[in-house]
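See below for the structure under consideration.
Every number in this text was worked out from the coordinates using simple rules, so none of it is lab data. Note that the structure is a prediction, hence the values are computed from the model and not measured. Virtual Cβ from ideal backbone geometry, glycine too; neighbours counted across all protein chains shown.
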């Protein structure tokens, strides 16, 4: 389970947008890289759940071109590579602290900057028309979200939009084994002072930084193999994610049996968590 590329990702056009642009940190391309596959598959799932790569009312402006777009915490760049292909007249900048790759064959309208966003965003005031933030819930402490959103507003032009998509760290319909695992994960995150309840505060922080016209979207993300709305996408991603969590807290020799037990339980209870997207405008 979760040890090979998703058939769904391979079968759907434009879902494999990472490997053609990057090499590993050793400079050697890999036929299959688990972390890259997970990042690409998660990107695909989120795109499908929200019916596209963005929800802000900026499609006409993107088509016309000339917009500067910032992707904060860009990771492997899946979102940027796809946007840069769909809207080629705009320019995209990704910022991330971890140099996970060498960029090769980089699109002309894409740039990457290695920087720690907790030290402020390395850009002038009002430098961007659209800012995209996603999947940082495991990386930022609660108070760091306030400074990140404040900095994002600073570098956003008037009339521009900020989108934030994050996980609600409250899993629904959990069985007893899953509940114990989740408690271990949450306890670990609390030790690191990670802002696991940030989805309850994002709208408030946006308002305190004078962002307006805030719209919130919520989508469910199934855990296990009980939902095949996207073929094998949900099962592949959640099985691999569960495996990673189990490896951290269990004897590696028992991982396969433990994983089967957790998947069986998740299927029985129809376990899921929620993703929340916040769209806001600087006026």
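Observations on the model:
- Working note: 222 nm ellipticity from helices only, DSSP H runs with n ≥ 4, each -39,500 (n - 2.57), summed and divided by the residues of the chain, gives -11500 deg cm²/dmol to the nearest 500.
- Counting only alpha carbon atoms, the long axis of helix 233-249 and the longest principal axis of the chain meet at about 70°.
- For the chain, the longest principal axis of the Cα atoms and the long axis of helix 255-269 meet at an angle of about 80 degrees.
- Approximate shape of the chain as ellipsoid semi-axes (Cα gyration tensor, √5λ), whole Å, largest first: 31, 23, 18
- Under the Debye formula (equal points on every Cα, no solvent term), log10 I(q)/I(0) of the stretch 64-222 at q = 0.08, 0.13, 0.21 Å⁻¹: -0.27, -0.68, -1.44
- The stretch 217-278: C-alpha gyration tensor shape, a/c 1.5 cut-off, then a/b vs b/c: prolate
- Cα gyration tensor category, rounded, prolate or oblate, for the stretch 42-116 with a/c compared to 1.5: oblate
- Global geometry of the stretch 156-277, whether rounded, prolate or oblate, following the gyration tensor of its Cα atoms and the 1.5 cut on a/c: prolate
- Placing a label point 7 Å from the Cα of residue 260 along the Cα-to-Cβ line, the residues of the stretch 217-233 whose backbone N sits under 18 Å from it are 224-226.
- The angle between the Cα long axis of helix 176-191 and the longest principal axis of the Cα atoms of the chain comes to about 40 degrees, rounded to the nearest 10.
- Cα centroid separation - the stretch 182-250 against the stretch 162-181, whole Å: 5 Å
- Counting beta carbons within 10 Å around each of 80, 178 and listing the fewest first gives the order 178, 80.
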